[in-house]
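Below is one structure; the comments refer to it alone.
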Amino acid sequence: MNATSGTTTQLSSRSLHTLGVACGLGAGAWLGLAEAPTKLVTVGFSPFIISLGMVAGVFVARWTVPTLLKGAGYVWLDLREKAHLVVWAVLAGMLWAVANTLTVFAIRNVGLSIAFPLWNTNSLMGLFWGWLLFNELRGGGARQWTKVVGGALAIVVGACLLALATTHQTTTVPRGALLGVLAALGAGVLWGTMYIPYRKAYISGMNPLSFVTVFTFGELGTVFALSAAFHGGVSGLVAEMAAARPAMFWLFLGGFCWVLGDLFQQYAAKYVGIGRGIPLSNTNQLWGLAWGALVFGELANLGPAGRVLVIAGSAVMILGAVAISMAEPPASERESWRKAMERECNRYGLDRERVASILKGEDPLAERVSGRRWWEFAIVGAAVAVFVWLAASAQSQPIAVNTGWMIVLSAASLAFLVVCGYLLWKRTRFS
């Protein structure tokens, strides 16, 4: 009986690890796609307007997708049970908003293919916080430490190579190149710290769909305040938004894509931890490089040395992320995870057995939720109406793109959405 139980537990843990890896890969594809509309900063749109437009799309998507998958009643009940986590979700959204604004400045100054890998140093921060606060890697053994720490060092080396590549452009290096690099690295620090509320929420049993619903209030409020402050108040911001109306559909669409990627990232953080899940989702840097180089032709002005540095840096960073993600936690490390979970349960008076079952992919809350209500369909209908309204006034922008590669990369992202979404539904019913 004990042997059978142990085998079943091992198989369950392995399937959850596989699921977490799949979610991380899906996150990489969609987070990479979501950054493509930020290229609008190169044609004169304010970084704050671009960030606000994307976050507005994110706000709409973060309400719509959870309603479609689990229902508003489920989300509301989950939030009521873990009300202490609401403030953490709002804080995470605020950190995300500032980091996202920094990425727009980075893209303006050094380009998407360079900035993308630099801010993905957030995996180092996630690794540190996961070890310090949530017992990740504790009890993992020398093999796990070698994979994870070696992967982290590879990410640092890769980031340095990519930063160095900015000095090898065949044209004059922009004055703002250094500021662009610093903005990208600053975004990495903020995004890495943002994962603390992620992990805290999930070891307490909160569903990722509930977390992101509250998360969006922090990000929208922060970006709106930043945008208003840098555009002379609300009236100035409204004027800028009106001028950007022809491009707003693309920004909303980018925000919607970001939500799909972020949801996969949330599930990866839940099932394999932030020390492993975040580096895996940072495969989005490959997608960012592909969009920047193949679709927007960003590497056209790089000399041979610069191209070698970009390719080598990207390869080294990805090898580091793969090494970390392949470090499946053994039973001894999972015991350390369990202690972190029990600490949260003791602190907030949560049911240990119930939280433990949720972390295994079960969904006891679903039994307490009745059918869908009419106003939930109204929420979805309103979101669709917003996109249709924006699409009606959308105009093509003066950005050169390779249409063939754009279609190929978009199709590949859709394939990840279908496959990873199906695996997540089959194993956990989006728990």
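Points to keep in mind about this one:
- The slack in the chain from Ser370 to Met406, taken as 0.36 nm per residue of separation less the alpha-carbon distance, amounts to 8.7 nm.
- Sorted by Cβ density within 10 Å, fewest first, the residues Ser410, Ser227: Ser410, Ser227
- Take every Cα pair under 8 Å whose residues are at least 6 apart in sequence, average their separation, divide by the length of segment 190-313, and the relative contact order is 25 percent.
- Ranking of Ile196, Ile203, Ile274, Ile399 by count of other Cβ atoms within 10 Å, fewest first: Ile399, Ile196, Ile203, Ile274
- Summarising the amide proton neighbourhood of Leu302: residues at separation of 5 or more, or on other chains, whose placed amide H is nearer than 5 Å comprise Thr170.
- The chain pair-distance distribution - Cα-Cα, 10 Å bins, rounded %: 5, 22, 33, 25, 12, 3, 0, 0
- Of Lys339/Lys360; Lys70/Lys339; Lys82/Lys360; Lys200/Lys339, pairs whose Cα-Cα distance is over 21 Å: Lys70/Lys339
- Taking every alpha-carbon pair under 8 Å whose residues sit at least 6 apart, the chain reaches a relative contact order of 34 percent.
- Neighbour-count order for Trp131, Trp96, fewest beta carbons within 10 angstrom listed first: Trp131, Trp96
- Membrane-span-like helices in the chain (whole DSSP H runs, Cα extent of at least 30 Å along the helix axis, mean Kyte-Doolittle hydropathy of at least -0.5): 2-34, 47-69, 86-110, 141-165, 177-202, 208-230, 245-272, 304-325, 403-428.
Values quoted throughout were computed directly from the atomic coordinates according to the rules given, and no laboratory measurement underlies them. Given the structure is predicted, the values throughout are model-derived calculations rather than measurements. Virtual Cβ from ideal backbone geometry, glycine too; neighbours counted across all protein chains shown.
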